[in-house]
Amino acid sequence: MSREAIPAVVNVDVEGPQINRHVYGHFAEHLGRCIYGGFYVGEDSDIPNEGGIRLDVVEALRALNIPNLRWPGGCFADEYHWMDGIGPKEDRAVMINTHWGGVEENNHFGTHEFMALCELLGTEPYISGNVGSGTVREMSEWIEYLTRDGDSPMVRLRKQNGREEPWKVKYWGLGNETWGCGGNMSAEQYAMDARKYATYCRNYGDNKLYRIAAGAADFSYDWTETLMKQLGHLGCQRVERPLYQAVSVHYYTIAGNWENKGDAKEFTTDEYYTTMVKAARTDELLTGHSNVMDLYDPTKEIGIVMDEWGTWWNVEPGTNPGFLYQQNTLRDALVASVHFDIFHKHADRLHMANIAQTVNVLQAMILTDPDSGALVLTPTYHVFEMNKGHQDAASLRVDTPAGLPSRKVDEAELDTVSISASRKDGKVLFSLSNLDADEAVDVDLDLRGGTLREVASRILTADALQSHNEPTALEAVAPRAHEVTATEKGLRVHLPAHSFVTVEGSVA
Ligand code: AHR
């Protein structure tokens, strides 16, 4: 059964703020099988690799144009000592990954391997430094090692390890979750540390750092406010202002609570709707943090970096609870598509977002089979691929004068249709999600200020919300061609129940 079509007005010639490509960013932590077995198999593996890096994973991710990759954590970052991960592999120190499964970390994947991975992916590195158990000197020297040219102790060490030229590293995290695993600090205590660390994170040559202060969990606006306040009143005139260029925030989507987050594949329709309400709260979250920042930075110079987001379910039965390995269904894909619509809407303040995490951990793009090595692209992967045209495009406002269909979910009201649009290089891309579990809906795109030609549409859906891909069913949830109908004013787009649709066309 179909409802009445929803009118959506889009002025294709009125460009809004640019959608930073970095909101399509990624995250790879030394956690479970994300690095080892996921990105990195070692040079002796039967799996085709370059310097130990899996080439099938690289190829799949290159198709997403991933703009950046955050590493080495997460909580792991605040226990990571970078000097343990350079030099001959056989001499590298072994440590225990106390956060994630208590397993041995042999440090075979270190700075040089990460930078090689970024080069293979054609992506920008985002390194998260250690504030929790590290030192200012350690962080400062890591930047010198990576980015300084000429001659200095760290440059000599880098050259000794086989790398002549400095790398370019722009994105730099000043710790992670410093209210928790990154040191259990108060906001005031961390704000002082952030000032200190930022001071000694230096720009070498034309490598201009973009420093990201470790931000709040969820809706803790006080944390953001403290960090914003502490950006002022600097004693030394010679330091770069602002001391940090962004404040981060982390927000995960769960259906239950932190003790029982819900099953990744076996969930009820009610749990599905609860999940969607939680995902949609990202709009409230970004609005809230942005409003606080406006008080101190009305011109929006400082960015929000949402460097951890995504679904977090109970681990797959039989897997190590510390490895955070979960399956990924059509529900996860819709969580991602809703996030992107919200990210596009906040293009003026949101500089970056990183889904947690890229391979084999939490809401992954890619799952690899530990025995056969087989690679599975998840439904979430396909949303990133279908949406990649929004990267660095101008956002377009979508008005729905008759409102959006909605449903009551406990105390909340959930809009069951979500739409965003952008324009780049003479092309317009629309993303439309129908979150209704059972009912289809049509959207009438009323396009003003231009005509759309060479229209192509794709759809991501499946029989059930619980549908997912696995080695024996690689394409259970995969994009397919979709028909849209030309109308007098633009286009009619049919959205089956629980579906994600993109429509692209040249604008004349
Ligand atoms: O992404 C998994 C973990 O979640 C990260 O290590 C940490 O920052 C967050 O709590």
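What follows draws every value from the coordinates through simple rules; no lab data is involved. Note that the coordinates shown come from a computational prediction; the quantities given were computed from them, not determined experimentally. Heads up, the Cβs are rebuilt from the backbone with ideal geometry, glycines too, and the neighbour counts pull from every protein chain shown.
Using the C-alpha atoms of region 223-313, what convex hull volume per residue, in cubic angstrom, is computed?
Details: hull volume 9.3 nm³, N = 91.
With only Cα atoms used, region 223-313 gives 102 Å³ per residue.
Relative to the compact globular guide of 2.2 N^0.38 Å, what is the alpha carbon radius of gyration of region 324-377, as a ratio? Write down the numbers at each step before the final one.
Working: Rg = 13.6 Å, N = 54, 2.2 N^0.38 = 10.0 Å.
Working it through for region 324-377, the quotient is 1.35.
Apply the a/c threshold of 1.5 to the C-alpha gyration tensor of region 94-142 and tell me whether it is rounded, prolate or oblate.
Oblate shape, in that a/c is at least 1.5 and b/c is the bigger or equal ratio.
For a quick protection proxy, order the peptides 182-188, 367-373 by their average other-Cβ count within 10 Å, most packed first.
182-188, 367-373
Identify, among LEU404, TYR251, GLN189, the residue whose Cα sits farthest towards the positive end of the charge dipole of the chain, taking +1 on the Cβ of Lys and Arg and -1 on the Cβ of Asp and Glu, with the dipole about the Cα centre.
Comparing the listed Cα positions along the dipole, GLN189 ranks first.
Pull out the extension gain between ASP369 and TRP258, defined as 0.36 nm times the separation in residues minus the alpha carbon to alpha carbon distance; nm, one decimal.
Extending this stretch completely gives an extra 37.3 nm.
Can you give me the Kirkwood hydrodynamic radius for region 138-183, using every pair of distinct Cα atoms, in Å to one decimal?
Hydrodynamic radius (Kirkwood, Cα only) of region 138-183 equals 11.8 Å.
Given the peptides 35-45, 497-507, 478-488, arrange them by the average over their residues of other C-beta atoms within 10 Å, most packed first.
The packing order, highest mean first, is 497-507, 35-45, 478-488.
Would you pull out the residues with amide H under 5 Å of ASN49's amide H, same chain only if 5 or more places away, H placed 1.01 Å from N?
LEU55
Between GLU165 and ALA402, what length in nm is gained on full extension when 0.36 nm per residue of separation is reduced by their alpha carbon distance?
79.5 nm
Which whole number of Å³ per residue matches the convex hull of the alpha-carbon atoms in region 96-233?
139 Å³
Could you tell me which of the pairs LYS159/LYS208; LYS196/LYS300; LYS278/LYS489; LYS170/LYS261; LYS89/LYS159; LYS196/LYS278 are separated by over 27 angstrom between their Cα atoms in the structure shown? Don't skip to the end; give the middle numbers.
Details: LYS159/LYS208 22 Å; LYS196/LYS300 23 Å; LYS278/LYS489 35 Å; LYS170/LYS261 35 Å; LYS89/LYS159 16 Å; LYS196/LYS278 36 Å.
Beyond 27 Å between Cα atoms: LYS278/LYS489; LYS170/LYS261; LYS196/LYS278.
Using Cβ contacts closer than 10 Å as the measure, can you line up LYS300, LYS388 from fewest to most?
LYS300, LYS388
Measuring from centroid to centroid over Cα atoms, what is the spacing of region 372-451 and region 43-101 in Å?
33 Å
Do the sum for the chain: with -39,500 (n - 2.57) for every DSSP H run of n ≥ 4, divided by all residues, what is the mean residue ellipticity at 222 nm, to the nearest 500 deg cm²/dmol? Before the final figure, lay out each step's value.
Numbers: 9 runs with 114 residues, N = 508.
Mean residue ellipticity at 222 nm (helix-derived): -7000 deg cm²/dmol.
Highest mean first, what order results for 269-277, 23-31, 257-265 on Cβ atoms within 10 Å?
Working: 269-277: 19.2, 23-31: 26.1, 257-265: 14.2.
Sorting 269-277, 23-31, 257-265 by mean packing, highest first, produces 23-31, 269-277, 257-265.
Where does each of TRP313, TRP71, TRP142 land when they are ranked from fewest to most other beta-carbon atoms within 10 angstrom? Provide the component values of the computation, followed by the final result.
On the way: TRP313 26, TRP71 30, TRP142 23.
Result, fewest neighbours first: TRP142, TRP313, TRP71.
Return HIS112, HIS468 ranked ascending by Cβ neighbour count within 10 Å, so the fewest neighbours appear first.
Taking fewest neighbouring Cβ atoms as first place, the list is HIS112, HIS468.
When the expected Rg is taken as 2.2 N^0.38 Å, what fraction or multiple of it is the alpha-carbon Rg of the chain?
0.97
Can you compute 3J(HN,Hα) from phi for each residue in region 429-446, using the Karplus curve 6.51 cos²θ - 1.76 cosθ + 1.60 with θ = phi - 60°, rounded to whole Hz and x for Gly and Pro?
So the Karplus estimates, Gly and Pro as x, are 10, 10, 10, 9, 10, 9, 8, 5, 5, 10, 10, 7, 8, 10, 10, 9, 7, 9 Hz.
Quick one: putting +1 on the C-beta of Lys and Arg, -1 on the C-beta of Asp and Glu, what dipole do you get for the chain around its Cα centre, in Debye to the nearest 20?
1520 debye
So what J values fall out for region 253-261 if you push phi through Karplus, 6.51 cos²θ - 1.76 cosθ + 1.60 with θ = phi - 60°, rounded to Hz, Gly and Pro as x?
Listing the rounded values in order: 9, 10, 8, x, 10, 5, 7, 9, 7 Hz.
Using only alpha carbon pairs under 8 Å that are at least six residues apart, calculate the relative contact order of the chain and give it in whole percent. Could the numbers behind the result be given before it?
Working: 1156 pairs, mean separation 99.7, N = 508.
Result for the chain is 20 percent.
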